[in-house]
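Following: one structure in structure tokens, then a few remarks.
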Amino acid sequence: MKMRLTAAILAGMTAFSMMTACVSADENAIDKIKSAGKIVMTTNAEFEPFEYKDGDEIVGIDLDISHALADKLGVELEVADIAFDSLIPSLNAGKADFIAAGMTATPEREKNVDFSVPYFNASQSIIVKTDSEIAGRADLNGKTVGVQQGTTGDVYCTNEDQSSDVSVKEVKRYAKGMDAVSDLIAGRVDAVVIDDYPAEKLVSKNPDKIKKLDEALTEETYAIAMPKGSDLKPVVDELIQELNDSGKMDEIIGRYIQLDDADSSAAEAVAE
Ligand code: GLN
């Protein structure tokens, strides 16, 4: 009996110290990263120009920012490509140090992660066939709309929380924006709702068949996500500030997209 009690207390103590070890792991993320000699980023490489595959390599705006972060810490960057809606659960399971995935900082997500300062202004936009009668958000009502699963475009169209003013007939969810667009071209959905710059890239691959509407459906900002309480956050915030101040952020973004003057000032406004 005494033995069993001791064992129970020991087990309890072990569980407690594991819990505290878990908490302090986030507070000591930088030590862990430096002793491992690498920092692990997760993303979903189906989101050109932010992250996409070029042969075997994953490239894009978020990759360049993440490489700059690894350089700042003096470590290697390791990249893991997973489903968009697995990013936050995987981060919180300790499988990554941060997420860079054109991820919009939302209050809902902020319950589970800490976001850096924002680095990019974005919005949801509508892609339709070139001959579509859909000309704006009001025309989405009663239509079948394709979205990327678990994204802010999905939340906007599903409108469970009544935060948007659309009432679509059906939301079809895809792992990749590209698959939603293929179904749009095949006539299986009436429109696709996706982030504006990825929409531009998708349209540029099929300009004779599809077009992006000018209307911006939402106002969003992209940020890097880290586990709650991570001591990496001030370092990432500082990096974003440095990239903005030195003009390197514009240089990175300019490698992948042509920002007009209005967009460029919007990107800078985020930094302030
Ligand atoms: N910005 C959108 C979101 O955070 C989409 C991101 C993505 O598909 N990579 O939900």
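The values are calculated or read from the model by the stated rules, or taken from the named source; none is laboratory data. A quick note: this is a predicted structure, and the numbers were derived from the prediction, not measured. We place every Cβ from the backbone using ideal geometry, glycine too, and count neighbours over all the protein chains shown. The accessibility values were calculated without ligands, DNA or RNA, using every heavy atom of the protein model including side chains. Shrake-Rupley method; radii C 1.70, N 1.55, O 1.52, S 1.80 Å.
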Axial C-alpha extent at least 15 Å, average Kyte-Doolittle at least 0.5 - helices from the chain (DSSP): 2-27
Shape call, segment 149-216: gyration tensor on alpha carbons, a/c limit 1.5: prolate
1.4 Å probe accessible area per residue over the chain, in Å²: 50
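If I compute solvent accessible area with a 1.4 Å probe over the protein chains, what percent of it on segment 114-211 is carbon and sulfur?
Answer for segment 114-211: carbon and sulfur cover 44 percent of the accessible area.
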Low-density loop cleavage sites - trypsin sites (Lys or Arg not before Pro) in segment 142-190, where at most 11 other Cβ are within 10 Å (DSSP): 169
Long-range Cα-Cα pairs in the chain (distance over 29 Å), rounded percent: 38
Gain on full stretching of the segment that runs from residue 106 to residue 237 - 0.36 nm per residue minus C-alpha separation: 45.4 nm
Net dipole in debye of the chain [+1 Lys, Arg Cβ; -1 Asp, Glu Cβ; about Cα centre; nearest 20]: 1460
Accessible surface of residue 167 - all protein chains present, 1.4 Å probe, nearest 10 Å²: 80
Positive-pole candidate from 65, 189, 136, dipole of the chain, charges at beta carbon: 189
Accessible-area order (highest first, 1.4 angstrom probe) of the listed residues 168, 79, 145, 155: 155, 79, 168, 145
Long pairs among 172/212; 53/169; 38/201; 143/205; 111/169; 32/248, criterion Cα-Cα beyond 26 Å: 53/169; 38/201; 111/169; 32/248
In Å², nearest 10: area of residue 52 left accessible to a 1.4 Å probe: 50
Gyration tensor (alpha-carbon) shape descriptor, segment 76-145, a/c threshold 1.5: prolate
Area accessible to solvent at residue 178, 1.4 Å probe radius, in Å²: 80
